[in-house]
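Undergrad: Would you mind keeping the following structure in view while I ask a few things?
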C-alpha cells in the first residue's frame, strides 16, 4: 500500500497556508456559530494539508493556524471595535461601516489579519497585510483587496502606531 507524501512546503508557504486556513475556519465559526476549539480540531483531522480536488496542499503551520483561530475568538470584541472604527474612517459610500454588515468572508479576513497585527508584533506588518491581500485575491476580483488593504493599514496604525 502506497501512502501519499504530505507537501511540507517552505516556512513562508506554511505560514501563508495557515493564514488561508484560519480565514476559512473563522468563516465557518461565524457562519455556523461554532467554537474555535471544535473548528480547530475538525481542521486538523480532516482538512489541513489534505488534497483538494486531487491537488496536494502545503501543510499549514499548525501553531499559527490554531493561534489565529483561537485568538480571533478570544479577542473578538477588541478586534471588532478597531475594525469598525477603521471601516468608519473610510470616505467610501460603498462601505457599510460595520464588520457585521460586511460579507462573512471579508469580515473573516479582517478579523484574522487584525488579530495578527495585534498579537504578532514580531512579524512585520507589511508581511501580514500582504498575506491577507493574497487570501483576498484568492476569492475576489473586484475592489475587495483595496478595502482589505486600507482597513488593515488603519488597524496596523491602531495597534502598532505609524
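Readers should treat all values here as calculations from the given coordinates under stated rules, not as data from a laboratory. Here the structure is a predicted model, which is why all the values come from computation and not from measurement. Here Cβ is always computed from backbone atoms with ideal geometry, including for glycine, and neighbour counts include all displayed protein chains.
Undergrad: With everything on Cα atoms, drop me the angle between helix 62-74 and the longest principal axis of the chain, reported from 0 to 90° to the nearest 10.
TA: The angle comes out near 40 degrees.
Undergrad: Relative to the longest principal axis of the C-alpha atoms of the chain, give the angle of the C-alpha long axis of helix 144-160, reported between 0 and 90° and rounded to the nearest 10°.
TA: 80
Undergrad: Using only Cα atoms, find the angle between the long axis of helix 36-46 and the longest principal axis of the chain, and express it within 0 to 90 degrees, rounded to the nearest 10.
TA: On a 0 to 90 degree scale, this one is about 30.
Undergrad: Okay, moving on. Select one label from [x] 27, 16, 15; [y] 32, 20, 13; [z] 42, 22, 15: the one whose number is semi-axes √(5λ) of the Cα gyration tensor in Å as derived from the coordinates shown.
TA: Correct label is [x].
Undergrad: By counting other Cβ atoms within 10 Å of each Cβ, how are 116, 73, 122, 100 ranked from fewest to most?
TA: With the fewest neighbours first, 116, 73, 122, 100 line up as 122, 100, 73, 116.
Undergrad: I would also like to ask the following. With a 10 Å cut-off between alpha carbons and a GNM built on the chain, which of 139, 115, 65 moves the most?
TA: 139
Undergrad: Now for a separate question. Quick one: Cα centre-to-centre distance for the range 45-79 and the range 110-162, in angstrom?
TA: 17
Undergrad: Let me ask another. Using the count of nearby Cβ atoms within 10 Å as a rough guide to exposure, how do 109, 45, 40 rank from fewest to most?
TA: By the 10 Å Cβ count, ascending, the order reads 45, 40, 109.
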